[in-house]
1. Rank the residues Met110, Met85 as a footprinting-exposure proxy: fewest other Cβ atoms within 10 Å of their Cβ go first.
2. Just to check I understand the Karplus step: with θ = phi - 60° and J = 6.51 cos²θ - 1.76 cosθ + 1.60, what whole-Hz values come out for region 92-99, glycine and proline as x?
3. Compute the distance from the alpha-carbon center of region 144-180 to that of region 74-143, in whole Å.
4. Counting other Cβ atoms within 10 Å, which GluC sites (Glu not before Pro) in region 84-180 have at most 10 and lie in a DSSP loop?
5. Which order results if Val154, Val173, Val128, Val52 are arranged by neighbouring Cβ count within 10 Å, fewest first?
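What follows draws every value from the coordinates through simple rules; no lab data is involved. Bear in mind the structure is a predicted one, so any value in this text is a computation, not a measurement. No Cβ is skipped: glycine too gets one built from the backbone with ideal geometry, and neighbour counts run over all protein chains shown.
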Amino acid sequence: MKRNSQQVTGVTLVLVMTTLAATVVTACAPAGGESSASSSPDRRGVDAPPQVRRPPPGKAWVIFGADTVVAELARTPDERAEGLMYRDEVPDGTGMLFVFDDSQIRSFWMANTYVPLDIAYMDSSYRVVDIVQMEPLVTDGYPSSAPAMFALEVRQGWFGEHGITEGATAQVVLGPQLKR
């Protein structure tokens, strides 16, 4: 059988491309032939990015620069009404994030709350519009000075110790939503 130069060139090109593809696949594989447990192929067969870390269910990370509060979420009227009542302490770096459906002037009280707290009222962009210090067992309201959609309660003094003032903006990462 007689081969012409075009056939030889075509076969050579296929061999070169196959070798190149095998080299690229091998170079991109994990060392030692290990498979990556943190990623899985998507529909195109490409490794998906590792799963993003999130807070546990019912919690949120409220991040102000290098400072993070691990906050319990209070989303329902009952959760918001109880808040941090009946607690003997609020450990450093923890608190409660109150989530509302709209922005308006908010007011909190400290009935049955035994720990002095700071509250940061935040607008819909998580920008702090007001920080108020609240004393234990006071039943008078502590209103916000501007409309707020969120409120973050932490141990009294925490915001000041971390240089967080009115105008600061938080990044909020919510944990998976609990079924109700």
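1. Lowest count first: Met85, Met110.
2. 4, x, 10, x, 9, 9, 8, 10
3. Using only Cα atoms to place each centre, the spacing works out to 9 Å.
4. Values: sites: Glu89, Glu153, Glu161, Glu166; in loops: Glu89, Glu166.
Listed in order of number, the matching sites are Glu89.
5. Going from sparsest to densest Cβ surroundings: Val52, Val173, Val128, Val154.
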